[in-house]
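The values are calculated or read from the model by the stated rules, or taken from the named source; none is laboratory data. In this text the structure is predicted, and so the values were computed from the model without any measurement. All Cβ positions, glycine included, derive from the backbone under ideal geometry; neighbour counts span all protein chains shown. Protein only, heavy atoms only, side chains kept; ligands, DNA and RNA dropped before computing areas. Shrake-Rupley method; radii C 1.70, N 1.55, O 1.52, S 1.80 Å.
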Amino acid sequence: MVNKTKMSRTLEESPNAHINKTLLDKYMSLPMPEGKIQATYIWIDGTGENLRCKDRTLEFIPEKPSDLPIWNYDGSSCYQAEGHNSDVYLHPVAIFKDPMRPGNNILVMCETYRFDGTPTQSNKRRTCREVCDKVADQQPWFGIEQEYTLLDIDGRPLGWPKNGFPGPQGPYYCGVGANKVYARDIVDAHYRACLYAGIKICGTNAEVMPAQWEYQVGPCEGISIGDELWVSRFLLHRIAEEFGIVATLDPKPMVGDWNGAGAHTNVSTKTMREEGGIVEIESAIAKLSKCHERHIRAYDPREGKDNERRLTGKHETSSIYDFNAGVANRGASVRIPRGVADEGKGYFEDRRPSSNCDPYSVVEAILRTICLDE
């Protein structure tokens with residue numbers, strides 16, 4: 001049973017948990033000056049998994065990303081440049097409505113470029129976009145199941161006893177009740193915020209480990225799955241921040257007999273969705289089986305080292321060292337859902353990407369293998 005005293009004490013350690021959020025309302029309700037909006041530029045830093053952001057005032061409402069000004073930031077503070085030549089440039093690529101500041105205010109997903117016009121090392125979007133453009137006629141659709149874990153400010157899973165562990169896994173998946181799920185408020189706030197922003201979030205559920213949750217984004221065509229998943233992650237961190245709680249995408253936040261966290265990626269092309277598409281699905285899986293090591297390197301920001309902790313062959317995972325596929329098999333590298341096998345068309349699920357993967361890298365690797373035969 002959750003020790004509420006300990007849990008509330010830990011939350012009080014977060015400075016954000018002390019702030020009276022209702023005081024902000026009178027300022028957020030102030031009318032915006034005519035013709036001005038606030039834009040939050042968002043980018044991926046040099047870690048390849050953490051997000052940064054900063055705001056600026058615009059005196060117009062953009063209709064498309066190319067209407068927005070290119071901006072810059074201190075790359076030396078984001079692991080992307082040296083202090084003597086620190087400017088890195090933000091190129092807007094996608095616009096979303098801002099749920100924290102309703103109205104015409106926006107969130108702007110950006111690519112990052114060095115002073116000489118070359119993409120930074122963590123800018124995986126550029127080459128992904130090139131591949132997506134090459135295979136656009138095949139209409140690749142993606143849906144990603146983003147798992148994450150909520151932590152106290154001290155890094156302990158939210159609601160877990162400080163000097164022990166909760167009961168074994170079993171009652172928590174899709175659970176209901178204060179002794180089974182924690183912080184549904186954050187989950188619901190995030191769900192609604194994504195819908196408002198224009199992200200194709202299509203569901204959410206409590207996961208197998210207590211304090212672990214999942215939401216799903218898609219179906220999205222091509223590069224848009226990466227844009228939408230990254231901004232959905234930004235909103236997750238931003239909303240958890242207000243509650244004084246940490247949302248982690250660590251693929252194995254707790255060692256032991258606990259499930260890890262993945263970003264299971266559902267994939268289909270136009271021919272897979274047509275009658276007899278199961279043949280195309282099986283062909284794609286055969287191609288993936290020949291490129292297992294390359295995909296493992298692409299599926300987490302540390303080229304397999306994070307997934308090595310998660311893909312053990314236990315806790316509904318395959319082994320990182322072997323490729324296998326099966327119908328309705330959650331212990332497989334690639335799963336064909338039972339309904340797809342029965343209908344003979346649809347999609348397949350690649351279960352190998354880690355929860356902290358870069359979706360641009362995942363999409364690029366998959367399309368190179370199954371569509372370009374590279």
## Note on the structure
For the chain, the accessible surface attributable to carbon and sulfur atoms (probe 1.4 angstrom, ligands and nucleic acids excluded) amounts in percent to 50
### Query
Where a Cα-Cα gap under 13 Å defines reach, which aspartates and glutamates qualify for K97, not counting those fewer than 8 residues away within the same chain?
E63, E228
#### Entry: Cβ-based net charge around R330, under 15 Å, with every Lys or Arg adding one and every Asp or Glu removing one
-1
#### Entry: Per residue accessible area in Å² of the stretch 132-372, where ligands, DNA and RNA are left out and the probe is 1.4 Å
39
### Query
Kirkwood Rh over Cα pairs of the chain into Stokes-Einstein at 20 °C, 1.002 mPa s: D in µm²/s?
98
### Message
Distance between the C-alpha centers of the stretch 53-69 and the stretch 85-160? Whole Å please.
### Response
16
### Summary
Here, trypsin sites (Lys or Arg not before Pro) of the stretch 239-295 satisfying both criteria (DSSP loop; at most 16 other Cβ within 10 Å) are K290
### Message
Quick check for you: with a 1.4 Å probe and neighbouring chains kept, what is the accessible area per residue of the stretch 33-122, in Å²?
### Response
50
### Query
In the stretch 308-370, which chymotrypsin sites (Phe, Trp or Tyr not before Pro) are in a loop and have at most 16 other Cβ atoms within 10 Å, using DSSP for the loop call?
Y321
## Note on the structure
Measure of exposure for K162: accessible area at 1.4 Å probe, Å² rounded to 10, is 60
### Query
Out of the stretch 27-64, which chymotrypsin sites (Phe, Trp or Tyr not before Pro) are coil in DSSP terms and have no more than 15 other C-beta atoms within 10 Å?
F60
### Span from the the stretch 174-246 Cα centroid across to the the stretch 314-374 one, whole angstrom
22
